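Undergrad: Handing you a structure now.
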Amino acid sequence: MSSAKPQSSAAGVSEPVLEIRDLSVSLPAWADRPRAVNSVSLTVGRGETLCVVGESGSGKSVMARSILRLLPEPHLRISGGAILLDGEDLARADDRRMRQIRGGEIAMIFQEPMVSLNPLMTVGRQIDEILEVHTSWGKAERRRRVIATFEDVRLPEPERIVDAYPHELSGGQRQRVMIAMSLVLEPKLIIADEPTTALDVTTEAQILTLLKELQTKHGTALLFITHNFGVVAEIADRVAVMRFGELVEYGPAANVLDNPQHAYTKALINAVPSLVPRKHPPRNAEALSEPILTVRGLEKTYGRPQSGPNWLSRILPGLGQGRRSAVRAVNKVDLDIRRGSAVALVGESGSGKSTLARCLIGLEQADAGSAVVAGDQIVGLSRKGWRPLRSRVQMVFQDPFASLNPRTKVGDIIARGAILQGESADAALSQARNLLDLVGLDAKAAERFPHEFSGGQRQRIGIARALAVKPDILIADEPVSALDVSVQKQVLDLLDDLRRQFNLTMLFITHDLRVAAHVCEDIIVLKNGTIVERGTTADIFANPQHEYTRTLLSSVPGRNWQQTIPDGYPARHV
């Protein structure tokens with residue numbers, strides 16, 4: 001397959017900041033293909049946003065890291081082509097010159113700020129380091145510059161946050177710090193690698209708006225890597241689609257989004273969940289019967305006021321000072337979920353969604369209230385008391401790799417729950433192989449370890465593990481938030497099929513309202529631990545009553561994007 005070539009200046013790209021010409025990056029001999037990036041050519045103009053999309057393994061991040069020469073050589077190395085920054089070929093620049101380029105002329109915003117930020121240094125000092133290396137300014141002048149940059153990215157109380165540690169900030173604030181870090185020297189180019197993937201919808205909207213405003217103000221070129229087509233529709237001037245290291249489609253955003261030419265682009269766009277809720281089959285009599293889960297007055301509070309600094313804060317300033325006030329994560333929640341239904345629990349980060357789920361699964365002890373599953377009270381149970389009820393409620397976690405034992409074979413991971421419930425080892429392992437087949441994996445995968453699978457495959461293993469004990473309720477906590485759009489659709493369709501096949505009741509926690517519209521008949525909106533609105537998905541999407549719900553819906557990136565699928569291609573669910 002030949003790579004698509006960049007358009008000429010007629011495409012509207014003026015004053016090119018970055019030109020990538022026939023870039024190739026070689027993989028080691030044992031890899032599944034010879035090149036991670038194969039003869040890719042791209043151009044990013046001054047003040048332009050180029051979005052690069054594609055599935056995991058398509059070469060997006062490798063291409064981006066090649067620009068800054070951050071490849072793990074010699075295993076991955078640039079084997080051909082040129083990377084021109086204002087005419088200078090970075091592929092042939094020496095290490096000293098690249099140190100000047102990084103941060104000074106090209107900056108990068110990474111996907112997970114908590115991993116990228118040093119937990120033992122204040123965020124202000126981490127940005128100050130950049131200024132210390134790249135400028136001759138004094139300490140006071142550098143601090144003024146850091147605070148001014150924090151003001152630019154609209155961090156509240158910048159004079160306070162400059163002395164804060166990463167753990168003291170919210171996810172959205174940490175991402176703003178990363179953006180401030182990239183902007184502090186006003187670079188020519190910013191590379192953003194999935195910077196909004198883990199953010200809730202309102203924070204994501206704020207970050208995208210902020211990036212566009214700062215880009216306009218500074219004239220910065222933006223290379224934005226994402227798998228979220230809503231984000232693409234919101235910010236892109238042009239779009240590049242990559243597959244297996246090759247550029248398969250490239251052009252203005254309107255052309256690529258509304259009239260895709262390549263079959264792969266069409267498949268990606270068709271996999272994007274619609275904001276129009278699906279039509280679900282009429283509810284049967286069982287669904288209209290008594291609830292399988294009844295929650296009344298559930299409360300959970302974290303933290304207690306402390307009188308002053310403790311011993312830990314004396315050793316590591318900023319740590320161990322105690323919370324200034326208690327945080328009520330779940331506040332008098334009442335809930336009824338009927339058998340066989342799928343209910344979405346939506347809200348911003350910190351709204352209490354995951355805490356509520358952890359209370360219902362027994363991973364947290366609620367402070368007050370009751371929760372009854374199929375007639376059994378689950379609040380206040382000891383670990384021993386929970387054991388016979390584990391089969392009633394199971395959970396699919398957001399990060400399957402973190403929740404699967406890396407030293408245990410997949411078959412044993414899936415079988416363990418059934419064995420603990422009294423099943424013989426042979427019968428449990430046989431069932432594990434059947435479940436692997438049911439979730440779309442080869443039964444032979446039972447003999448492999450978690451690291452040998454892709455992210456989507458690991459999530460299927462997590463689903464199989466949850467199903468092994470034949471639960472009544474399946475709680476899915478952001479199970480597709482980190483997956484590619486095509487893999488996300490496969491997992492969502494799998495959950496939908498399994499729910500109907502086994503008559504599962506599902507509580508689906510998500511901040512993606514497109515996902516909620518695709519999967520669930522009902523929605524519960526949570527804010528600051530309190531339910532502010534509930535109802536059918538169709539009713540809430542058509543006529544939201546609470547201001548917070550309206551804010552969530554209006555914040556969905558690309559909400560006004562109307563996709564047109566060419567004739568002959570399968571229509572999307574509506």
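Undergrad: Collect residues whose amide H, placed 1.01 Å from N in the peptide plane, falls under 5 Å from the amide H of L76; neighbours closer than 5 in sequence don't count.
TA: Amide H neighbours of L76: none.
Undergrad: While we're here: Of I361, V343, Q377, whose Cα points farthest to the positive end of the dipole of the chain (charges on the beta-carbon: +1 Lys, Arg; -1 Asp, Glu; origin at the Cα centre)?
TA: Final value for the positive-end residue is Q377.
Undergrad: A further question follows. For n ≥ 4 DSSP H runs only, could you compute -39500 (n - 2.57) per run for the chain, divide by its residues and tell me the 222 nm figure to the nearest 500?
TA: The per-residue figure over the chain is -10000 deg cm²/dmol.
Undergrad: With unit charges on the beta carbon (Lys/Arg positive, Asp/Glu negative), name the residue among P156, A253, Y264 whose Cα is farthest towards the positive pole of the charge dipole of the range 146-269.
TA: Farthest along the dipole direction, towards plus: Y264.
Undergrad: Using 7 Å Cα-to-Cβ label points, what is the Q545/T135 separation (nm, one decimal)?
TA: Between Q545 and T135, the label points sit 5.3 nm apart.
Undergrad: On to the next question. Once both axes come from the Cα atoms, what is the angle between helix 201-218 and the longest principal axis of the chain, in degrees from 0 to 90, rounded to 10?
TA: That works out to roughly 10 degrees.
Undergrad: Picking from H167, S116, A36, whose Cα lies most toward the positive end of the charge dipole for the range 24-169 (charges on Cβ: Lys, Arg +1; Asp, Glu -1)?
TA: Value: A36.
Undergrad: Helix 425-438 sits at what angle to the longest principal axis of the chain, using alpha carbons and giving 0 to 90 degrees rounded to 10?
TA: So the helix axis and the longest Cα principal axis differ by about 50 degrees.
Undergrad: Give me the dipole magnitude in Debye, nearest 20, for the range 426-574 about the Cα centre, with unit charges on the beta carbon: positive for Lys and Arg, negative for Asp and Glu.
TA: 100 debye
Undergrad: Where a ≥ b ≥ c are the square roots of the eigenvalues of the C-alpha gyration tensor, would you call the range 28-114 rounded, which needs a/c under 1.5, or, failing that, prolate if a/b is larger than b/c, or oblate?
TA: It is rounded, given that a/c, with a ≥ b ≥ c, falls under 1.5.
Undergrad: In whole Hz, what ³J(HN,Hα) sequence does the range 84-100 give by Karplus (6.51, -1.76, 1.60; θ = phi - 60°), x for Gly and Pro?
TA: 9, 9, 6, x, 8, 7, 6, 5, 10, 6, 7, 4, 4, 5, 5, 5, 6
Undergrad: Relative to the longest principal Cα axis of the chain, at what angle does helix 123-134 sit, 0 to 90 degrees, rounded to 10?
TA: 20 degrees
Undergrad: Could you size up the charge dipole of the chain around its Cα centre, putting +1 on the beta carbon of Lys and Arg and -1 on that of Asp and Glu, and report it in debye to the nearest 20?
TA: 1140 debye
Undergrad: Another question about this same structure. Identify all aspartates and glutamates with a Cα-Cα distance to K332 below 17 Å; exclude those on the same chain that are fewer than 8 residues away in sequence.
TA: Partners within reach: E299, E364, D367, E533.
Undergrad: Would you pull out the residues with amide H under 5 Å of R339's amide H, same chain only if 5 or more places away, H placed 1.01 Å from N?
TA: Here the answer is I292, since their amide H atoms fall under 5 Å of that of R339.
Bear in mind these aren't lab numbers, they're just calculated from the coordinates by the rules spelled out. No experiment lies behind these values; they were computed from the predicted model shown. Cβ: placed from backbone, ideal geometry, glycine included. Neighbour counts: every protein chain shown.
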